[in-house]
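Structure first, commentary second.
Values quoted throughout were computed directly from the atomic coordinates according to the rules given, and no laboratory measurement underlies them. Quick caveat, the model's predicted, so the values are computed rather than measured. Reconstructed Cβ throughout: ideal geometry from the backbone, glycine too, with neighbour counts over all protein chains shown.
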Amino acid sequence: MKNWLFNQNPTLVYVHDPMCSWCWGFRPAWQALRSGLPDEITVVRLLGGLAPDSEVPMSGEMCGYLKSVWEKIEDCIPGTEFNYDFWTRCTPRRSTYPACRGVIAAREQGAEHDEGMTHAIQRAYYLQAENPSDHSTLTKLAGSLGLDSERFAAVLGSEETSQTLLGEISRSRQIGIQGFPGLVFAADNRITPIRIDYHRPGRMLQEIRSRLKTRK
């Protein structure tokens, strides 16, 4: 059962999309949770793939909906910032797969770049009003992180990277994740969803610790 997930260590799976606005709002809580996790827990990051490839500009209705989501997040998670200039500076497309592949392409130059590229994409999108659906933006961000831009661009557009993303999307669905962010704790051939708390990371940590205790 889900052999890709179960190993000798308890595992916390974090499913996200770098262009998911709720994932951006969750970032401070996720960092706090990560810092408090027991050393025995292995963390696995999976890209969930919010919206497939598209070259079609977003409709006015969709743009308005997403702006309202940003406003809701600002109200629900104080301190979360968005730069609404994005909606006039860029030509928005409902397409997050390129950004997801950008994280994979960065990871190819070192696993430590997974989180760094994710954050770079989030900052570009939400704070700097840049469009991470564009390969040019992603390649520029990779260069800003000190990555080999030519190697990054080649990996970004490869079929292997596309298949890797589809594999991660499949895995996230296998463990029951439909929306992002998502957290699942796995141990002893059992999968337990962890309820997302944007304000109290300590509650998530407490739930994970209680799961650890029940297996000992």
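Just give me the residues in the stretch 7-28 being under 18 Å from Arg93 (Cα atoms) and small (Gly, Ala, Ser), in sequence order.
Scanning the stretch 7-28 gives a single hit, Ser21.
Being within 27 Å of Ile73 (Cα to Cα), of a type in the set (S, T, N, Q) and buried (at least 19 other Cβ atoms within 10 Å of the Cβ): is that true of Thr192 here?
So Thr192 fails the test.
Has the stretch 93-104 got at least one residue that is over 17 Å from the mean Cα position of the chain (by Cα) and over 29 Å from Lys67 (Cα atoms)? Walk me through how you get there before you give the answer.
Step one: list which residues in the stretch 93-104 are over 17 Å from the mean Cα position of the chain (by Cα), which gives 93.
Now restrict to residues that are over 29 Å from Lys67 (Cα atoms): none.
Among the residues of the stretch 93-104, not one is over 17 Å from the mean Cα position of the chain (by Cα) and over 29 Å from Lys67 (Cα atoms), which makes the answer no.
Could you grab me the full set of residues in the stretch 87-104 that are farther than 16 Å from Arg27 by Cβ, touching a helix residue (DSSP H, G or I) at 6+ places or on another chain (Cβ under 7 Å) and buried (at least 20 other Cβ atoms within 10 Å of the Cβ)?
Tyr97, Pro98, Cys100, Arg101, Gly102, Ile104
Yes/no matrix, rows are residues, columns are (1) under 23 Å from Arg171 (Cα atoms); (2) of a type in the set (S, T, N, Q):
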{"site": "Val13", "(1), (2)": "yes, no"}
{"site": "His16", "(1), (2)": "yes, no"}
{"site": "Glu40", "(1), (2)": "yes, no"}
{"site": "Val43", "(1), (2)": "yes, no"}
{"site": "Val56", "(1), (2)": "no, no"}
{"site": "Gly64", "(1), (2)": "no, no"}
{"site": "Trp70", "(1), (2)": "no, no"}
{"site": "Thr80", "(1), (2)": "no, yes"}
{"site": "Trp87", "(1), (2)": "no, no"}
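Name the pairs whose Cβ atoms lie under 7 Å apart, with the first residue in the stretch 49-69 and farther than 14 Å from Phe86 by Cβ and touching a residue at least 24 places away in the same chain (Cβ under 8 Å), the second of a type outside the set (Phe, Trp, Tyr) and part of a helix (DSSP H, G or I), and 6 or more positions between them or separate chains?
Close Cβ pairs satisfying both conditions: Gly49/Cys100; Gly49/Leu165; Gly49/Ile169; Asp53/Pro98.
Output yes when any residue across the stretch 80-101 is of a type in the set (A, V, I, L, M, F, W, C), more than 15 Å from Cys23 (Cα to Cα) and touching a residue at least 60 places away in the same chain (Cβ under 8 Å), and no when none is. Explain how you work it out, then say what you get.
We begin by selecting, within the stretch 80-101, every residue of a type in the set (A, V, I, L, M, F, W, C); these are 82, 86-87, 90, 99-100.
Now drop any that are not more than 15 Å from Cys23 (Cα to Cα), which leaves 86-87, 90.
Among the residues that remain, those that are also touching a residue at least 60 places away in the same chain (Cβ under 8 Å) are: none.
Looking for residues that are of a type in the set (A, V, I, L, M, F, W, C), more than 15 Å from Cys23 (Cα to Cα) and touching a residue at least 60 places away in the same chain (Cβ under 8 Å), one finds none in the stretch 80-101, hence no.
Report those helices (runs of 4 or more DSSP H) wholly inside the stretch 149-216 carrying at least 3 residues which are out of contact with any helix residue (DSSP H, G or I) (no Cβ under 9 Å at 6 or more places or on another chain) and not aromatic (Phe, Trp, Tyr).
Numbers: elements: 149-156, 159-174, 201-214.
The qualifying helices (runs of 4 or more DSSP H) are 159-174, 201-214.
Starting from residues that are touching a Phe, Trp or Tyr at 6+ places or on another chain (Cβ under 9 Å) and in contact (Cβ under 8 Å) with a residue 40 or more places away in the chain, keep the ones in the stretch 133-152 and report whichever is surrounded by the fewest Cβ atoms within 10 Å (Cβ to Cβ).
The selected residue is Ser133.
With the structure loaded, tell me whether Val155 is surrounded by 13 or more Cβ atoms within 10 Å (Cβ to Cβ) and under 17 Å from the mean Cα position of the chain (by Cα) or whether it fails that test.
Working: surrounded by 13 or more Cβ atoms within 10 Å (Cβ to Cβ): yes; under 17 Å from the mean Cα position of the chain (by Cα): no.
Here the answer is no, as Val155 does not meet what is asked.
Hey, could you check the stretch 26-41 for residues that are of a type outside the set (A, V, I, L, M) and surrounded by 15 or more Cβ atoms within 10 Å (Cβ to Cβ) and say which is nearest to Ala186 (Cα to Cα)? Talk me through it step by step, then tell me what you get.
Step one: of the stretch 26-41, the residues of a type outside the set (A, V, I, L, M) are 26-28, 30-31, 34-36, 38-40.
Still in the running and surrounded by 15 or more Cβ atoms within 10 Å (Cβ to Cβ): 26-28, 30, 34.
Details: Phe26: 21, Arg27: 22, Pro28: 23, Trp30: 18, Arg34: 16 Å.
This residue is Arg34.
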